[in-house]
Amino acid sequence: MKCGFIGTGNMGGALARALKGKSELYLSDFVPEKAKALADELGGTACDNVCAAQNADYLFIGVKPYMAKEAIDGIFSTLESRAKAPVIVSMLAGVGIEKLESMLPRKMPVIRIMPNIPASSGNGTIMYAANELVSKPKLKAFLDAMADSGVLMPMQEKLIDAGSAISGCGPAFVAMFIEALADGGVVCGLSRADALKLAGGVVAGTARHIAKTGLHPGALKDAVCSPGGTTIQGVRALEEKGFRAATMDAVIKAYEKTIGK
Ligand SMILES: NC(=O)c1ccc[n+]([C@@H]2O[C@H](COP(=O)([O-])OP(=O)(O)OC[C@H]3O[C@@H](n4cnc5c(N)ncnc54)[C@H](OP(=O)(O)O)[C@@H]3O)[C@@H](O)[C@H]2O)c1
């Protein structure tokens with residue numbers, strides 16, 4: 001399998017790293033040094049956009065959404081001249097499959113993915129949807145190749161923007177929670193390093209526990225809150241400050257921004 005990347009920034013770079021050893025990589029960026037450094041790291045080929053578009057079986061569009069049209073215009077004739085169209089893999093936030101298709105020279109197989117930053121360490125949660133031109137074997141080969149980036153989750157295309165308000169933006173929200181937990185620990189006398197280790201550990205461990213047991217988060221909370229105990233006092237403090245409403249609002253605001261509301 002040959003994968004081309006147009007744009008090797010934060011997310012393009014993260015996904016290229018996940019494909020290391022599973023795919024021949026053709027890496028292109030506005031800043032050629034960036035693509036070269038990544039190619040040296042991963043054993044791929046640094047090239048320009050046209051070369052990536054010429055060689056790729058799967059062509060990842062990794063530029064910012066507002067730059068996508070310009071980037072695709074630059075490879076339009078290359079894509080047009082290819083007898084066998086590559087699968088276009090779009091990570092463009094807020095850009096639907098139909099809009100992307102309208103930028104291409106003809107109807108081509110398109111996989112829309114919505115990755116997140118933890119994908120760079122293999123801990124991503126990556127939604128995907130494909131148009132009808134992506135055959136089952138092509139989709140399977142793609143998912144197999146991407147397996148090292150994290151959990152791949154099929155999603156109805158119309159719900160990807162809603163999902164990305166959790167998975168794409170959520171790492172920032174969760175990081176703020178971890179930081180705040182640690183700050184509380186520092187107030188109580190813990191060293192910063194110990195407090196961060198405990199805070200990160202409890203968030204990761206609780207998430208894994210919920211995933212493994214299938215326990216509802218509310219049931220887990222209830223199980224930890226003994227009558228008249230310490231945890232329920234902390235839960236009360238969080239409720240008083242509107243923790244859950246603020247978290248819901250964060251997701252809703254991010255979603256509204258994504259859809260341009
Ligand atoms: N970061 C995330 O958490 C995240 C999550 C989900 C989806 N995404 C999506 O991933 C895409 C990339 O985001 P990012 O955070 O990785 O952005 P980024 O770090 O800015 O990377 C984009 C890269 O593409 C380069 N570029 C711009 N125009 C180009 C062109 N015409 N040809 C080749 N390369 C070009 C940029 O170069 P310059 O820096 O010189 O402009 C930059 O190196 C976006 O569409 C975003 O919506 C990101």
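The values are calculated or read from the model by the stated rules, or taken from the named source; none is laboratory data. Keep in mind that what you see is a predicted model, and the values were worked out from it rather than measured. Because the Cβ atoms are built from the backbone with ideal geometry, glycine has one as well, and the counts that use them run over all protein chains shown.
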inquiry  = Kindly evaluate Ile166 against the criterion of being assigned to a helix (DSSP H, G or I), under 11 Å from the mean Cα position of the chain (by Cα), at pLDDT 95 or above and hydrophobic (A, V, I, L, M, F, W, C).
reply    = yes
message = Criterion first (closer than 30 Å to Ala130 by Cα, assigned to a helix (DSSP H, G or I) and β-branched (Val, Ile, Thr)) does Ile232 satisfy it?
response = no
message = Give all pairs with beta carbons closer than 9 Å in which a residue from the stretch 241-261 that is without any contact (Cβ under 8 Å) to a residue 24 or more places away in the chain meets a residue that is among the acidic types (Asp, Glu) and assigned to a helix (DSSP H, G or I); count only pairs at least 6 apart in sequence or on separate chains.
response = Gly242/Asp249
inquiry  = Can you confirm whether Ile111 is at pLDDT 95 or above, near the ligand (Cβ under 10 Å from one of its atoms), of a type in the set (A, V, I, L, M, F, W, C) and buried (at least 19 other Cβ atoms within 10 Å of the Cβ)?
reply    = no
query = In the list Ser23, Ser28, which residue meets the criterion of being within 11 Å of the ligand (Cβ to nearest atom) and touching a Cys at 6+ places or on another chain (Cβ under 6 Å)?
reply = Ser28
request  = Please name all residue pairs, on different chains or six or more residues apart, with Cβ atoms under 7 Å, provided the first residue is in the stretch 1-13 and is in contact (Cβ under 8 Å) with a residue 12 or more places away in the chain and the second residue is polar (S, T, N, Q) and part of a helix (DSSP H, G or I).
outcome  = Lys2/Asn55; Gly4/Asn55; Ile6/Asn49
query = Which members of the stretch 178-218 meet the condition of being under 18 Å from Thr231 (Cα atoms), charged (D, E, K, R) and out of contact with any helix residue (DSSP H, G or I) (no Cβ under 8 Å at 6 or more places or on another chain)?
reply = none
key: Answer from Lys257, Lys261, Lys158 - the residue that is basic (Lys, Arg), within 16 Å of the ligand (Cβ to nearest atom) and either exposed (fewer than 11 other Cβ atoms within 10 Å of the Cβ) or not in a loop (DSSP other than H, G, I, E, B) (or both)   = Lys257
task = Give the number of residues within the stretch 78-94 that are over 16 Å from Ala16 (Cα atoms) and either aliphatic (A, V, I, L, M) or away from the ligand (no atom under 15 Å from the Cβ) (or both).
result = 9
note = Of the residues in the stretch 22-51, those that are closer than 14 Å to Lys2 by Cβ and surrounded by fewer than 18 Cβ atoms within 10 Å (Cβ to Cβ) come to Lys22, Glu24, Gly43, Cys51
query = If Pro105 satisfies every condition in (1) within 11 Å of the chain's Cα centre (by Cα); (2) under 26 Å from Gly74 (Cβ atoms); (3) surrounded by fewer than 20 Cβ atoms within 10 Å (Cβ to Cβ); (4) modelled with pLDDT of 95 or more but one, which is the exception?
reply = (1)
query = Restricted to the stretch 207-229, and to residues that are loosely packed, with under 11 Cβ neighbours inside 10 Å, assigned to a helix (DSSP H, G or I) and not hydrophobic (A, V, I, L, M, F, W, C), which residue is nearest to the chain's Cα centre (by Cα)?
reply = Arg208
inquiry  = Considering only residues that are within 13 Å of the ligand (Cβ to nearest atom) and surrounded by fewer than 17 Cβ atoms within 10 Å (Cβ to Cβ), which ones fall in the stretch 52-77?
reply    = Lys64, Pro65, Tyr66, Met67, Lys69, Glu70, Asp73, Gly74, Phe76
key: 2 or more residues touching a Phe, Trp or Tyr at 6+ places or on another chain (Cβ under 7 Å): qualifying helices (runs of 4 or more DSSP H) within the stretch 42-141   = 49-55
ask   = Looking at the stretch 21-29, is at least one residue over 18 Å from Asp148 (Cβ atoms) and out of contact with any Asp or Glu (no Cβ under 7 Å at 6 or more places or on another chain)?
value = yes
task = Would you point out the residue of the stretch 1-10, among those that are of a type in the set (A, V, I, L, M, F, W, C) and buried (at least 22 other Cβ atoms within 10 Å of the Cβ), that is farthest from the ligand (Cβ to nearest atom)?
result = Cys3
